[in-house]
1. Once you place label points 7 Å from the Cα toward the Cβ at K289 and N217, how far apart are they in nm?
2. Using R₀ = 41 Å, calculate the FRET efficiency as 1/(1 + (r/R₀)^6) where r is the Cβ-Cβ separation of K404 and E351; round to 0.05.
3. Once you put a point 7 Å from the Cα of S263 and another 7 Å from the Cα of K383, both along the Cβ direction, what distance in nm separates them?
4. Helix 312-321 sits at what angle to the longest principal axis of the chain, using alpha carbons and giving 0 to 90 degrees rounded to 10?
5. Suppose the chain between R120 and V277 were pulled fully straight at 0.36 nm per residue; how much longer would it get relative to their current alpha carbon spacing?
6. At 7 Å along Cα-to-Cβ for each site, give me the label-to-label distance between N19 and N88 in nm.
7. Just the ratio, please: alpha-carbon radius of gyration of the range 156-222 over 2.2 N^0.38 Å, N its number of residues.
8. In whole Hz, with x marking every Gly and Pro, tabulate ³J(HN,Hα) for the range 73-89 from phi via Karplus 6.51 cos²θ - 1.76 cosθ + 1.60, θ = phi - 60°.
Amino acid sequence: MSHALGNHILVEFMGCDPNIMNDVTSIERDMVGAAQKAGATVINSTFHHFSPFGVSGVVVIQESHLAIHTWPEYGYAAVDLFTCGEMNAWISFDFLKECFGAKNYSALEMKRGSVNLLTRNDFDITSMRTKASEHINPEMYTRNVWFTDKDENQALSLRYTGDVFYDVQSPFQRVRILESQKYGKMLTLDDMVMTTEKDEFHYHEMISHPSLFTHGNVKNVLVIGGGDGGTVREVLRHPGIEKVTMVEIDGEVIKACKEFLPSIAASFDHPKLDLRVDDGIAYIANANKDFYDVIIVDGSDPVGPAEGLFSVSFYTNCYNALKEGGILVAQGESPKFNEKAFSELNHTLQEIFGKENAPVSLFFVPTYPTGMWSFQYGLKGSKHPKSVTNLEEINAFVEENKLKYYNAEIHVGSFATPNFVKELLKK
Ligand code: SAM
């Protein structure tokens, strides 16, 4: 029996739990565990979670590698167990079969690199092996676990620690809190990045302050969505405001952010806040007419519970609930990531508020695909945000509150629209 350099087991695991097949953290943990169970020395692990679903990853071991690609939608995982030396990879196979709850499987074992077909090159192996083993610390191995938010043509990947602090499937969406290496803890809903500790201020300062300073005398504010709490935190910085009503559909989002994103969910106990867990679409349909000075729609992307937050009926109800002189601000998607949703929303606002009364403010959020994002406005007889004159008052407020993104120049500048965006907004 010729001596082979490696042993390769090609495995098909079928009938696996789709949720496990879509959980990069548990798959990374189990693949590393499978290697260690068979006595392997782990060098590093690199795992990617793709949205909407699927995981790919490899665990590099001193004895070669273990690799996996999953199709959660089929409950299927293709696994490669490639080993050399004495390691018995069937131990890893049994371990993974258990972990993945595979109802059935097939496995093909083949010898790789049969020595009698190879020519050995003489070089001093001892020094290389000793040098290599000096660098290996079996306890410590580098983990590369990546979270990827993408559509069919472009993606944003964030390396995260692999640790998941919150993971609940609510009646509306999958609510998760992960820890990214660069942006700290982050909230994802159905595997789309909603907010992170290190760049949330870009979004929350720009969704709130421009409309409040444009209006100049805001008393009564309605926030629809905004479950992470960052928007109401910013709104409640304005001393003149008497009441903020926040209507968030998913209590799990509030719970997760209170516990794991306290710097964002900092104002949920504020005396001026009336926090309701309810569907914003139903709420605004029954709201009082001519009641709010500012309405802020801090909703997620136009899928699942938030789909209706992009409808004509929803914005017509918002228009009716605004006082004369009132301002609506809505999370407006990106002219570079979901152009269709971006331009359709603006056309709806032009329809309801008037062609000249639906300006767009552009700003940057590093953890949203393309980084270029927008807020879209509906002005009900209000002046245009660009025409603000209280610039000193704005910068004094910025100074006092140590804001990190918003200031008077950004306020005005964010309404400067590039030509390709003007084209997108033309009806
Ligand atoms: N910054 C994020 C973005 O740009 O996608 C939005 C953040 S905020 C977390 C979005 C919130 O809107 C979520 O908590 C979600 O549960 C909430 N939401 C979605 N649909 C809703 C609805 N119909 N009524 C009220 N809240 C809703």
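1. 2.3
2. After rounding to 0.05, the efficiency reads 0.70.
3. Placing both labels 7 Å beyond Cα along the Cβ direction yields 3.6 nm.
4. That works out to roughly 40 degrees.
5. Going from the current span to full extension adds 49.5 nm.
6. Each label point is offset 7 Å from its Cα along the Cβ direction, giving 3.4 nm.
7. Normalised by 2.2 N^0.38 Å, the Cα Rg of the range 156-222 equals 1.43.
8. These are the phi-based 3J(HN,Hα) values: 5, 10, x, 10, 9, 9, 10, 10, 10, 10, 9, 9, x, 7, 4, 9, 5 Hz.
Every number in this text was worked out from the coordinates using simple rules, so none of it is lab data. The shown structure was predicted, so the numbers you read here are calculated from the model rather than taken from an experiment. All Cβ positions, glycine included, derive from the backbone under ideal geometry; neighbour counts span all protein chains shown.
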